[in-house]
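Below: the structure, in structure tokens.
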Amino acid sequence: MITRADIFASLQQMGIRHDDVVTIHASLRSCGPIENGADGLIDALKDYLSDGLLLIPTHTWAVVNKANPRFDVRSTVPNIGALARTAAFRKDAIRTLHPTHSLAIFGKNAREYAQGEENSATPAPMGGCLSRLYELGGKVLLLGVGHERNTYLHAVDERIDLP
């Protein structure tokens, strides 16, 4: 079982600081048992990043579309996994209003960091939450998944103006 102490030790070993901005993509099934499940992982990450921000994608692109154009930040369920489904509805999360690529944000200044996402016309527009990871020297944490699940790459596409 992966414990809170294991998570703290791993983050420290990876060079993640307590004031970093970190986004995470995870397959909890691939990671194996985690103490207190998805909530335990979120709590540990949030506590470790005590002076930073934790961004957890809560994407709804598979359920918010032309046939179903309604996104309700209070009730639209993410379509990308257990961590996202847990994070989206936690009381201590600020969920962005991006209609298809929302994030649950935890930490200092989370509300301010989330501002403006409701105006997004692409998955990761310049100036948006994911784009600002680069500007702030943020980090991407992949647990049990590869870069094929790394939403930050959309921000790279936007930054280098790929069609």
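Of the residues that make up the stretch 59-81, is at least one touching a helix residue (DSSP H, G or I) at 6+ places or on another chain (Cβ under 8 Å) and outside any loop (DSSP other than H, G, I, E, B)? There is no residue in the stretch 59-81 that is touching a helix residue (DSSP H, G or I) at 6+ places or on another chain (Cβ under 8 Å) and outside any loop (DSSP other than H, G, I, E, B). Could you say whether any residue in the stretch 49-65 is more than 29 Å from residue 13 (Cα to Cα) and exposed (fewer than 14 other Cβ atoms within 10 Å of the Cβ)? The answer is yes, given that some residue of the stretch 49-65 is more than 29 Å from residue 13 (Cα to Cα) and exposed (fewer than 14 other Cβ atoms within 10 Å of the Cβ).
Restricting attention to the stretch 35-56, does a residue exist that is assigned to a strand (DSSP E or B), within 19 Å of residue 120 (Cα to Cα) and either of a type outside the set (Ser, Thr, Tyr) or in contact with a helix residue (DSSP H, G or I) (Cβ under 6 Å, 6 or more places away or on another chain) (or both)? So that I can check it myself, show each step before the final result.
First, pick out the residues of the stretch 35-56 that are assigned to a strand (DSSP E or B): 53-56.
Then drop every residue that is not within 19 Å of residue 120 (Cα to Cα), which leaves 55-56.
Remaining after also requiring either of a type outside the set (Ser, Thr, Tyr) or in contact with a helix residue (DSSP H, G or I) (Cβ under 6 Å, 6 or more places away or on another chain) (or both): 55-56.
Yes; the residues of the stretch 35-56 include at least one that is assigned to a strand (DSSP E or B), within 19 Å of residue 120 (Cα to Cα) and either of a type outside the set (Ser, Thr, Tyr) or in contact with a helix residue (DSSP H, G or I) (Cβ under 6 Å, 6 or more places away or on another chain) (or both).
So, residue 147, is that one modelled with pLDDT under 90 and within 20 Å of residue 84 (Cα to Cα) or not? For residue 147, the condition - modelled with pLDDT under 90 and within 20 Å of residue 84 (Cα to Cα) - is not met. Residue 92 meets all of the listed conditions (1) more than 17 Å from residue 17 (Cα to Cα); (2) modelled with pLDDT of 95 or more; (3) in a helix (DSSP H, G or I); (4) under 15 Å from the mean Cα position of the chain (by Cα) but one, namely (3). Selection of the stretch 119-131 for residues being open to solvent by less than 90 Å² (accessible area, probe 1.4 Å), free of Cβ contacts under 8 Å to residues at least 40 places away in the same chain and outside any loop (DSSP other than H, G, I, E, B) yields only 131.
Quick grid of which residues meet (1) open to solvent by 80 Å² or more (accessible area, probe 1.4 Å); (2) touching a residue at least 12 places away in the same chain (Cβ under 8 Å):
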position: 3; (1), (2): no, yes
position: 6; (1), (2): no, no
position: 10; (1), (2): no, no
position: 13; (1), (2): yes, no
position: 17; (1), (2): yes, yes
position: 27; (1), (2): no, yes
position: 34; (1), (2): no, yes
position: 39; (1), (2): no, yes
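Out of 157, 161, which single residue is assigned to a helix (DSSP H, G or I), surrounded by fewer than 18 Cβ atoms within 10 Å (Cβ to Cβ), more than 16 Å from the chain's Cα centre (by Cα) and among the acidic types (Asp, Glu)? First the steps, then the outcome.
Values: 161 fails: assigned to a helix (DSSP H, G or I).
From the options 157, 161, the qualifying one is 157.
Screening the candidates 84, 110 for the property of being buried (at least 22 other Cβ atoms within 10 Å of the Cβ) and modelled with pLDDT of 95 or more yields one hit, 84.
Would you confirm whether any residue within the stretch 134-150 is of a type outside the set (Asp, Glu), more than 24 Å from residue 29 (Cα to Cα) and without any contact (Cβ under 8 Å) to a residue 12 or more places away in the chain? No; the residues of the stretch 134-150 include none that is of a type outside the set (Asp, Glu), more than 24 Å from residue 29 (Cα to Cα) and without any contact (Cβ under 8 Å) to a residue 12 or more places away in the chain. Cβ-Cβ distances below 8 Å connect no pair with a first residue in the stretch 64-81 that is under 20 Å from residue 149 (Cα atoms), a second residue that is open to solvent by 40 Å² or more (accessible area, probe 1.4 Å) and among the acidic types (Asp, Glu), and a separation of six or more residues or different chains.
The values are calculated or read from the model by the stated rules, or taken from the named source; none is laboratory data. Being a predicted model, the structure only gives us computed values, none of them experimental. All Cβ positions, even for glycine, are placed from backbone atoms using ideal geometry, and neighbour counts span all protein chains on display. When the accessible area is computed, the model is the full protein with side chains, heavy atoms only, and any ligands, DNA or RNA have been set aside. Shrake-Rupley method; radii C 1.70, N 1.55, O 1.52, S 1.80 Å.
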